[in-house]
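Here's the structure, in structure tokens; my notes come after.
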Amino acid sequence: MTNDNVKMIAFVGMTGVGKSAAADYLRKKGVPDVYLGGVVLKEMERAGYDRTAELERKFREDLRRREGKDFVAQRAVEQLRGLIGAGQKRIVIDGIYSWTEYRTLKREFPGSIVTVALVMPKKKRHGRLKRRDGEALVLEEAKMRDWSEIEELEKGGPIADADHFVVSSDDEEETFRAIDEVLTEVGFFG
């Protein structure tokens, strides 16, 4: 299967910065997406676990230890190839979480993936996490999640090596305009 003319935008960033909102914005424009966090959630559901922030963290870390650091990326590769095989030429990747996932995806789809790091001051991001529907985190939980993602997942690598950076704003429309500028610059829609 060839990746000719396939363009993927991969959003990277710390929890609460707006990756899923950015992916949803493009989904509403008709761009299919692959949600890497969904791979873990699906495995949790399959194993019969309740979804809590603490259980999700432990499960995610155990899953990667058991199945390999690139387990999530390998599942995403299958999904991405399925979309490409179905004729999709524009795809969003919602949340590359680890350096290993990043390297695996870049290797599998050379030249097709453009990474966009969404960044936001930590205090603002943690404030968002306190208000998040379904999985609100208090300040100490948010800090622990940050450290876990940096230490266990090596999440900083994909952010540091991103092709583009967008400062995520509390005004989503402002963030989406900045994303549109990046999409235009890289010729995502044309």
Which far-off residues, 5 or more places away or on another chain, put their amide H under 5 Å from the one on Val34, with H placed in the peptide plane?
Val92, Ile93, Asp94
Non-local amide H neighbours of Lys7 (under 5 Å, H modeled in plane, Pro and chain starts lacking H): which ones?
Arg90, Ile91
Mind checking Rg over Rh on segment 70-124, alpha carbons, Kirkwood formula for Rh?
1.03
Å² per residue, accessible surface of the chain at 1.4 Å:
52 Å²
Cut-off 18 Å (backbone N to label point 7 Å along Cα→Cβ of Glu185), residues of segment 100-122:
112-120
Could you give each residue of segment 12-27 its phi-based ³J(HN,Hα) in whole Hz, using Karplus coefficients 6.51, -1.76, 1.60 with θ = phi - 60°, and x for Gly or Pro?
10, x, 6, 4, x, 7, x, 4, 5, 5, 5, 5, 4, 4, 6, 4
Difference of contour (0.36 nm per residue) and Cα-Cα distance, Arg107 to Ala86
5.4 nm
Run the accessible area of the chain with a 1.4 Å probe and give the carbon-and-sulfur part as a rounded percent.
49 percent
Projecting each Cα onto the charge dipole of segment 1-140 (Lys/Arg +1, Asp/Glu -1 at the beta carbon, about the Cα centre), which of Val40, Gly111, Leu63 comes out farthest on the positive side?
Gly111
Counting only helical runs of four or more DSSP H residues, what would the 222 nm mean residue ellipticity of the chain come to if each run contributes -39,500 (n - 2.57) and the total is spread over all its residues?
-17000 deg cm²/dmol
Filter on Lys29/Lys89; Lys69/Lys106; Lys42/Lys123 - keep pairs with C-alpha separation over 20 Å:
Lys42/Lys123
Lys122 versus Arg65, label points 7 Å from Cα toward the beta carbon: distance in nm?
2.6 nm
Checking Arg60, Arg131, Arg75 against a Gaussian network model of the chain (alpha-carbon springs below 10 Å), the top fluctuating residue turns out to be Arg131
For 41-51, 6-16, ranked highest to lowest by mean beta-carbon neighbours within 10 Å, the order is 6-16, 41-51
Who wins for biggest fluctuation among Ile93, Ile159, Ile150 in a Gaussian network model of the chain, springs between alpha carbons below 10 Å?
Ile150
In sequence order, calculated HN-Hα J values of segment 48-63 (Karplus, 6.51, -1.76, 1.60; Hz; x Gly/Pro):
x, 8, 6, 9, 10, 4, 5, 5, 4, 4, 4, 4, 4, 5, 5, 4
Karplus-derived HN-Hα couplings along segment 153-167 (A = 6.51, B = -1.76, C = 1.60, θ = phi - 60°), whole Hz, x at Gly and Pro:
9, 6, 5, x, x, x, 5, 4, 9, 4, 6, 9, 10, 10, 7
Residues whose modelled amide H sits under 5 Å from the amide H of Thr115, counting only those 5 or more places away in sequence or on another chain, are Ala10, Asp163, His164
GNM on the chain, Cα springs under 10 Å; top mean-square fluctuation among Lys143, Lys69, Lys89 goes to Lys143
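The values are calculated or read from the model by the stated rules, or taken from the named source; none is laboratory data. Every value quoted in this text rests on a predicted model; they were computed, and no experiment measured them. Virtual Cβ from ideal backbone geometry, glycine too; neighbours counted across all protein chains shown. Accessible surface is based on the protein model in full, side chains and every heavy atom, while ligands, DNA and RNA are left aside. Shrake-Rupley method; radii C 1.70, N 1.55, O 1.52, S 1.80 Å.
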